[in-house]
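Data first, discussion second: the structure below is written as structure tokens.
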Amino acid sequence: MLDHTLLNIPAPRFAEVVTWYTAALAPIGYTIQKEFADTAVGFGPDRTSIVFWLAAKKVPAQHPSAQKDAAAGTEVGEGGKGTVWGAHVAFRAKDRTAVDAFHEEAVKAGGTCNGKPGWRHMYHPKYYAGFVFDPVGNNIEVVDHGVGS
């Protein structure tokens, strides 16, 4: 069983990404529960369940996005606009309505659709999910498994 997940976010874009997640995760009941200045933010349904963290980091020089920045003449780790980390994180929703609301809010807040809310029967008959790339390219999914739906 996982306890929590942390995504590293390019430091120059940290505030922007925190704002995006604040809007995108509100429909599933996740809010900011803990903050460490401009270095880390923890989200969850309450203060006893902080399960999703964002941390401000410089892009490692060996990372492909840092190499792309260098080739474009941008200082490494200081402003990459492309996909930086490329993680996939899935949050469980209480119902399909929450999946739809997440997708709508996440796109409205500046995310990029990576799969409209809908059935993904290839996973199982009640798998309903929506996917959005966050501002730095992480693939964020919200899924309802149909329990009680």
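Would you please name the residue that is nearest to Ala11 (Cα to Cα), looking only at residues in region 42-53 that are out of contact with any helix residue (DSSP H, G or I) (no Cβ under 7 Å at 6 or more places or on another chain) and not in a loop (DSSP other than H, G, I, E, B)? The qualifying residue nearest to Ala11 (Cα to Cα) is Trp53.
Selection over region 92-118 of residues that are of a type in the set (A, V, I, L, M, F, W, C) and in a strand (DSSP E or B) gives a count of 1.
Condition (residue is of a type in the set (Ser, Thr, Tyr), closer than 24 Å to Thr97 by Cα, free of Cβ contacts under 8 Å to residues at least 60 places away in the same chain and surrounded by fewer than 20 Cβ atoms within 10 Å (Cβ to Cβ)) applied to region 33-49: is it met by at least one residue? Scanning region 33-49 turns up at least one residue that is of a type in the set (Ser, Thr, Tyr), closer than 24 Å to Thr97 by Cα, free of Cβ contacts under 8 Å to residues at least 60 places away in the same chain and surrounded by fewer than 20 Cβ atoms within 10 Å (Cβ to Cβ).
Quick test for you: out of Trp85, Trp20, pick the one residue that is modelled with pLDDT of 95 or more, among the aromatic types (Phe, Trp, Tyr) and within 17 Å of the chain's Cα centre (by Cα). It would help to see each step written out before you state the result.
Working: Trp85 fails: modelled with pLDDT of 95 or more.
Result of the check over Trp85, Trp20: Trp20.
Is it true that Ala56 is assigned to a strand (DSSP E or B), in contact with a helix residue (DSSP H, G or I) (Cβ under 8 Å, 6 or more places away or on another chain) and at pLDDT below 95? Against the criterion (assigned to a strand (DSSP E or B), in contact with a helix residue (DSSP H, G or I) (Cβ under 8 Å, 6 or more places away or on another chain) and at pLDDT below 95), Ala56 qualifies.
The values are calculated or read from the model by the stated rules, or taken from the named source; none is laboratory data. Fair warning: this is a prediction, and the values are worked out from it, not measured in the lab. All Cβ positions, glycine included, derive from the backbone under ideal geometry; neighbour counts span all protein chains shown.
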